[in-house]
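Peer 1: Mind having a look at this structure? Questions to follow.
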Amino acid sequence: MTLKKINTVLTAAFILFILWFGAEFILSPETTAPTFGLPSWPSGDGGGFLIIKGIRDVVLAMVLGILLVTGHRRALGWVLLVEALAAYGDMTTVLAHHGSVATAFGVHGLTATLMVVNGLLVMRETREVASAPATPAPQPA
């Protein structure tokens, strides 16, 4: 299997995972929220922030999906690296609010790190393509 195929499968898996998780926060935030790792959740009107988190995840997945489908591989690598910051931010938030350390590192930290690895692999794949020697165009006689 080529590096490009491996990267495509990994990226598609991230897209589906992020879409699923985001949709869960939009459709049933009260049942999904406890899996995030924080010790307590907003009450009253504060629950709307959970839906905002879901919308954020869906948008992040859509950006990756558009870049994957349109073949913008180099941009895809960069966006994977940048979007990993959202997962690292989630990990930091859980830790800063005395949430589950296991969830912080095992879910958010692991996801972020795998996104970084995937992004670096895509960047490597595109570097190899970019550094390939160009064949000169035929000149008219």
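Peer 1: Between [x] 1.02; [y] 1.25; [z] 1.14, which matches Rg/Rh (Cα atoms, Kirkwood Rh) calculated for the structure shown?
Peer 2: Answer by label: [z].
Peer 1: Can you give me the angle between helix 48-70 and the longest principal axis of the chain, using Cα atoms only, in degrees from 0 to 90, rounded to the nearest 10?
Peer 2: On a 0 to 90 degree scale, this one is about 10.
Peer 1: Run the numbers for W78 and S43: contour at 0.36 nm per residue of separation, minus the present Cα-Cα distance, in nm.
Peer 2: Extending this stretch completely gives an extra 8.9 nm.
Peer 1: Report the relative contact order of the chain, percent, no decimals, based on alpha-carbon pairs under 8 angstrom and at least 6 residues apart.
Peer 2: 29 percent
Peer 1: So, one more: Just V69, V59, V117 to compare: in a GNM of the chain, with alpha carbon springs under 10 Å, which one fluctuates most?
Peer 2: In this elastic network of the chain, the residue with the biggest mean-square fluctuation among V69, V59, V117 is V69.
Peer 1: Right, another one. For the chain, with a Gaussian network of springs between Cα atoms less than 10 Å apart, report the residue from I15, I55, I66 with the top mean-square fluctuation.
Peer 2: I66
Peer 1: Would you calculate a helix-derived [θ] at 222 nm for the chain, using -39,500 (n - 2.57) for each DSSP H run of n ≥ 4 and dividing by the full residue count, to the nearest 500?
Peer 2: Helices in the chain give a 222 nm mean residue ellipticity of -23500 deg cm²/dmol.
Peer 1: Output the 0 to 90 degree angle, nearest 10, between the alpha-carbon long axis of helix 3-27 and the longest principal axis computed from the alpha carbons of the chain.
Peer 2: 30 degrees
Peer 1: Any idea what angle helix 73-96 forms with the longest principal axis of the chain, computed on alpha-carbon atoms, 0 to 90 degrees, nearest 10?
Peer 2: 20 degrees
The numbers here are math on the coordinates, done by the rules we state, and not lab data. Everything numeric here is computed off the predicted structure, so don't read it as measured data.
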